[in-house]
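Taking it in order: structure first as structure tokens, then the write-up.
The values are calculated or read from the model by the stated rules, or taken from the named source; none is laboratory data. Remember, predicted model here, so these are calculated numbers, not experimental data. A quick note on method: Cβ atoms are made from the backbone with ideal geometry, for glycine too, and the neighbour counts reach across all protein chains shown.
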Amino acid sequence: MVVSGAGPAGARAACLCARAGLRTLLLEREPIPREKCCAGGLLERAAGLLDEPLPDRVIEQEITSVGIIHRDFRADFELPSRAAVTVRRSVFDAYLAERAQQAGAELWSPCSISKVAERDDGVEMVAGGRAVTSKTLIVAEGATSRTASALFGPYPGRDQGMGIAMRCTLGRDPGGRMEYHLMGTPIERFPARFRFPLNGWMFATKRGANIGVAGKDIGGAEYRTALDGLRRSIEERYGGAIDVHVSAHPIPMVPRRRLHTRRCVLVGDAAGLASPLSGEGMTNAFRSAAHAAEAVRGLIAANRPMASYRRMVGSDVLPVIRASRVISPQAQWLIGVVDTSTLMRKMHDDPELVSTCLDISKGERSWEALLRLIVRKFPYLFFSSLT
Ligand SMILES: Cc1cc2nc3c(=O)[nH]c(=O)nc-3n(C[C@H](O)[C@H](O)[C@H](O)COP(=O)(O)OP(=O)(O)OC[C@H]3O[C@@H](n4cnc5c(N)ncnc54)[C@H](O)[C@@H]3O)c2cc1C
């Protein structure tokens with residue numbers, strides 16, 4: 001079987017397929033290691049989906065302190081245990097591809113599919129100029145996947161957000177710190193449709209930070225102003241940024257309607273499975289990879305239909321994405337209506353809310369737990385924070 005794309009979704013899917021005894025070919029368009037535009041925040045719940053603890057050489061920083069910043073308000077949380085690590089994607093993704101090879105997958109890199117056609121008994125493709133026939137194809141080419149467009153139609157531009165990430169070295173070490181900056185203009189009316197407000201981050205790395213902004217339906221000038229403002233505020237605290245490297249990449253904000261055909265399956269960003277609440281995508285990349293590997297094995301070994309993939313993703317990935325699409329604009333509206341500093345302070349001082357968020361980042365509790373809690377606490381939080 002073939003996996004196209006050696007990012008987190010593809011490398012993980014290839015590793016699991018090879019380990020299940022399937023002859024696996026992993027194709028990657030770029031030479032490995034390759035850089036990927038990303039903030040590099042790997043939540044514990046994502047790392048926990050891998051088989052073994054990450055080796056030290058892959059970890060940039062262990063995150064033990066989180067800050068939430070909105071205008072002149074900031075809430076800081078010292079965490080009792082690490083909730084995430086930061087990684088440099090070139091190193092992390094190369095590690096995942098290496099694990100796939102150790103499990104028995106063959107890697108062709110740089111190599112990409114130039115033609116693909118699905119037949120009744122297999123998938124025919126041309127990869128790196130060579131004709132390849134495979135029983136199944138896992139498409140893991142990320143948000144700009146050409147193979148996904150060829151097989152499933154283009155991903156609508158209106159369903160994509162955009163992220164801009166800046167890696168840099170800083171004068172002073174920010175330590176194990178992760179900051180989220182709520183930057184978007186609050187929505188004045190109760191939102192009738194999905195919005196992804198402009199937000200920013202600063203994630204500590206080995207000798208500096210990954211700083212960036214993400215949003216949707218926003219012009220280039222607004223991104224630039226937001227990134228410049230964020231950079232200035234971070235330089236004031238941690239000294240001037242040097243060795244600056246800036247990149248931008250789309251973030252899918254809604255899952256594709258069709259996630260598989262009889263023999264082809266979409267995983268990770270190619271399937272549109274990033275979080276529409278935060279843009280975080282590696283947890284669902286790993287989850288969908290595991291489900292795809294299971295479905296492909298079922299098809300090849302027992303002729304079980306690929307529809308099992310839809311069922312598996314429908315049980316643990318899609319419900320969270322749907323809930324996030326509802327929560328995201330409403331949370332933004334709330335910021336416009338209440339006194340945000342008061343609301344944040346109340347949330348910050350609520351141990352039940354804080355521990356639930358921490359458990360979610362570690363994968364120990366689900367989003368439903370937070371939703372239930374917020375529904376219960378909403379009247380108090382809302383009315384006591386009105387301006
Ligand atoms: C600015 C920004 C910040 C982000 N920050 C975070 C974060 O902190 N934490 C987090 O969890 N997520 C974050 N994300 C989302 C995360 O980067 C993605 O969800 C994740 O990379 C998806 O993994 P993937 O394997 O599906 O796709 P990708 O990582 O995009 O990998 C796709 C791979 O396929 C290859 N490829 C493409 N086309 C072809 C082809 N035709 N043939 C062969 N290979 C091909 C590419 O070279 C690439 O290696 C961020 C995204 C952005 C844009």
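When the residues of the range 119-133 are narrowed to those that are among the small types (G, A, S) and more than 22 Å from E30 (Cβ to Cβ), which ends up surrounded by the fewest Cβ atoms within 10 Å (Cβ to Cβ)? That would be A131. All told, R189 meets the bar of being modelled with pLDDT under 95, over 17 Å from V139 (Cβ atoms) and surrounded by fewer than 21 Cβ atoms within 10 Å (Cβ to Cβ).
Checking the stated criteria, A307 turns out to be more than 15 Å from the ligand (Cβ to nearest atom) and free of Cβ contacts under 8 Å to residues at least 60 places away in the same chain. Taking residues in the range 104-115 that are under 16 Å from A140 (Cβ atoms), and partners anywhere that are away from the ligand (no atom under 11 Å from the Cβ) and in a loop (DSSP other than H, G, I, E, B), the pairs with Cβ atoms closer than 6 Å and at least 6 places apart or on different chains are A105/T24. Residues that are modelled with pLDDT under 90 and crowded, with 16+ Cβ neighbours inside 10 Å were ranked within the range 154-185; the one that is farthest from R232 (Cα to Cα) is G184. Note on the range 205-296: enclosed strands (runs of 3 or more DSSP E) holding 2 or more residues that are more than 8 Å from the ligand (Cβ to nearest atom) and assigned by TED's automatic domain parsing to the domain that holds A117 are 264-266. Of all the residues in the range 355-387, those that are more than 23 Å from D316 (Cα to Cα), outside any loop (DSSP other than H, G, I, E, B) and not aromatic (F, W, Y) number 5. Do the conditions hold for Q102, that is, is it modelled with pLDDT of 95 or more, more than 15 Å from the ligand (Cβ to nearest atom) and of a type in the set (S, T, N, Q)? Considered against the rule, which asks whether it is modelled with pLDDT of 95 or more, more than 15 Å from the ligand (Cβ to nearest atom) and of a type in the set (S, T, N, Q), Q102 comes out as yes. Quick one: in the range 87-108, of everything that is surrounded by fewer than 17 Cβ atoms within 10 Å (Cβ to Cβ) and acidic (D, E), which residue is farthest from L22 (Cα to Cα)? In this case the residue turns out to be E98. Considering only residues that are farther than 18 Å from G128 by Cα, of a type outside the set (D, E, K, R) and within 11 Å of the ligand (Cβ to nearest atom), which ones fall in the range 18-46? Scanning the range 18-46 gives P33, C37, C38, A39, G40, G41, L42, L43, A46.
Evaluation of A9 against the conditions (1) over 27 Å from M202 (Cα atoms); (2) in a helix (DSSP H, G or I); (3) not charged (D, E, K, R) shows that the sole unmet condition is (1).
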